[in-house]
Amino acid sequence: MADPEILIVGAGPAGLTAGIYAARAGHSTLILEKELVGGQMNKTATVENYPGFAQPVNTLELVQNMDAQARRFGCAIETGEATSLKLNGTQIELETTIGTIRPQALIICAGTEPRKLGLEMETELTGRGISYCAICDGPLYKDREVAVVGGGDSALEEADYLTRFCSRVHLIHRRDRFRAAKIVEERVRSNPKIVLHLSRVVSRIHGTRQLEGLTLTDLKTGTDIDLPVAGLFIYVGLIPGTGWCQGAILLDEAGFIITDEKMQTATPGIFAAGDIRKKTVRQIATAVGDGAIAAQSAHEFLSHSR
Ligand code: NAP
């Protein structure tokens, strides 16, 4: 494989948009994706706040269209995982599971992964009742009771989505106020299949081979209740996938990549876009904006370095 001029790590909305812009500007462009094209977009069924669609848009269709649009301009997309990033003088060297790649510019769009609760049995029972993806696993719980943990957009949107299948959804949040958008909160509050457990946390997971239930602790009274549920969906935030680029670029204390408004990192020739960047609003709409800016900045960097 010849080294691309522009290498993009991650094929979520930021990476695919960067691919569209970079390839359309005439650069040989490769996107490296370790799992599925679409990234976090694969974890939700529909999106209702992406501009241009009066009705909720099917997320899978949105992914397929972005993928086809990038390929139409000649952007290559390959499966592989970045494992470490080095600089050899000014040469960027990326070690990956498909070999070493030496691009002239790098755009990091590797996104985030779900934060874990950190409870005993959480890892062992993942895939055995515990899930981080309602669209992947929700249909397994048809007519059963499940719980969702979290108070952000993801937890509330996915709790609402799960009521399509489940007989009852227990939404557990550690505070008595949600951080999700008001419109989503109102939808959840008026959904008769959702039971709210506010100011409560999951303190114990029951089951050894399969999830059997949870103990919830009320943070105001200190009392415990047992909740027999077949499924637990965890949406307590996102952590950045930046372990492999530590040392080569500047990260904040939580591991998100620090960029300027042109998506330039502290290292010349390396840009970042989307959820992996230190920023305040993480949406598909802001990821595609980041991706477009990052590709344009990489284009300018390459024009000046020739
Ligand atoms: P988030 O906004 O960071 O919310 C995480 C939630 O989990 C918070 O309510 C937090 O509680 C709770 N939490 C964190 N650690 C916890 C713990 N150890 N135990 C119990 N609860 C814990 O994460 P998100 O909902 O995944 O959203 C991530 C980003 O994507 C956000 O910027 C969001 O707006 C965006 N997003 C947008 C859409 C959309 O626009 N359609 C959809 C999904 C996500 P506190 O509130 O008490 O901190």
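The values are calculated or read from the model by the stated rules, or taken from the named source; none is laboratory data. Just so it is clear, the model here is predicted, and its values are computed rather than measured. Using ideal geometry, Cβ is built from the backbone for each residue, glycine included, and neighbour counts are taken over all protein chains shown.
Considering (1) part of a strand (DSSP E or B); (2) in contact with a helix residue (DSSP H, G or I) (Cβ under 7 Å, 6 or more places away or on another chain), the lone condition that GLN69 does not fulfil carries the number (1).
For region 1-40, name all the residues that are under 14 Å from LEU106 (Cβ atoms) and of a type in the set (A, V, I, L, M, F, W, C). Once the filter is applied, which keeps residues that are under 14 Å from LEU106 (Cβ atoms) and of a type in the set (A, V, I, L, M, F, W, C), region 1-40 yields ILE6, LEU7, ILE8, VAL9, ALA14, ALA18, ALA22, LEU30, ILE31, LEU32.
For region 283-306, which positions are crowded, with 21+ Cβ neighbours inside 10 Å and in a loop (DSSP other than H, G, I, E, B)? Of everything in region 283-306, nothing turns out to be crowded, with 21+ Cβ neighbours inside 10 Å and in a loop (DSSP other than H, G, I, E, B). Scan region 42-60 and tell me whether some residue there is within 20 Å of the chain's Cα centre (by Cα), loosely packed, with under 13 Cβ neighbours inside 10 Å, touching a residue at least 24 places away in the same chain (Cβ under 8 Å) and under 28 Å from ASP153 (Cβ atoms). There is at least one residue in region 42-60 that is within 20 Å of the chain's Cα centre (by Cα), loosely packed, with under 13 Cβ neighbours inside 10 Å, touching a residue at least 24 places away in the same chain (Cβ under 8 Å) and under 28 Å from ASP153 (Cβ atoms).
Of the residues making up region 67-96, those that are surrounded by fewer than 16 Cβ atoms within 10 Å (Cβ to Cβ) and β-branched (Val, Ile, Thr) are THR79, THR83, THR90.
How many residues are part of a strand (DSSP E or B) and under 21 Å from CYS166 (Cα atoms) when one looks only at region 202-212? Show your work before the answer.
The initial filter retains those residues of region 202-212 that are part of a strand (DSSP E or B), namely 202-206.
Filter again for under 21 Å from CYS166 (Cα atoms), leaving 202, 205-206.
Residues in region 202-212 being part of a strand (DSSP E or B) and under 21 Å from CYS166 (Cα atoms): 3 in total.
When the residues of region 22-57 are filtered to those that are in contact with a helix residue (DSSP H, G or I) (Cβ under 7 Å, 6 or more places away or on another chain) and part of a strand (DSSP E or B), the one that is farthest from the ligand (Cβ to nearest atom) is THR29.
Could you grab me the full set of residues in region 213-246 that are part of a loop (DSSP other than H, G, I, E, B) and touching a residue at least 40 places away in the same chain (Cβ under 8 Å)? Talk me through it step by step, then tell me what you get.
Pass one, region 213-246, residues part of a loop (DSSP other than H, G, I, E, B): 219-223, 228-230, 235-237, 241-242.
Result: LEU219, PRO228, VAL229, ALA230, TYR235, VAL236, GLY237, GLY241, THR242.
On inspection, ILE293 passes the criterion of being away from the ligand (no atom under 16 Å from the Cβ) and without any contact (Cβ under 8 Å) to a residue 40 or more places away in the chain.
For ALA254, indicate whether it is more than 20 Å from GLN40 (Cα to Cα) and modelled with pLDDT under 95. Can you show your working first?
Values: more than 20 Å from GLN40 (Cα to Cα): no; modelled with pLDDT under 95: yes.
So ALA254 fails the test.
Of the residues making up region 248-274, those that are free of Cβ contacts under 8 Å to residues at least 60 places away in the same chain and either under 30 Å from VAL195 (Cα atoms) or in a loop (DSSP other than H, G, I, E, B) (or both) are LEU250, ASP252, GLU253, ALA254, GLY255, PHE256, ILE258, THR259, ASP260, GLU261, LYS262, ALA266.
The single condition among (1) farther than 22 Å from GLU81 by Cβ; (2) touching a Gly at 6+ places or on another chain (Cβ under 8 Å) that SER303 does not meet is (2). Residue-level analysis places CYS166 outside the set of residues that are crowded, with 18+ Cβ neighbours inside 10 Å and under 30 Å from LEU106 (Cα atoms).
Pick from GLY99, GLY111: which is in contact with a Gly (Cβ under 9 Å, 6 or more places away or on another chain) and surrounded by fewer than 19 Cβ atoms within 10 Å (Cβ to Cβ)?
On the way: GLY111 fails: surrounded by fewer than 19 Cβ atoms within 10 Å (Cβ to Cβ).
From the options GLY99, GLY111, the qualifying one is GLY99.
Of all residues in region 252-290, those satisfying the criterion of being within 16 Å of the ligand (Cβ to nearest atom) and small (Gly, Ala, Ser) are ALA254, GLY255, ALA273, GLY274, ALA285, ALA287, GLY289. Note on region 94-191: enclosed strands (runs of 3 or more DSSP E) holding 1 or more residues that are among the aliphatic types (A, V, I, L, M) and within 11 Å of the ligand (Cβ to nearest atom) are 145-149, 168-173.
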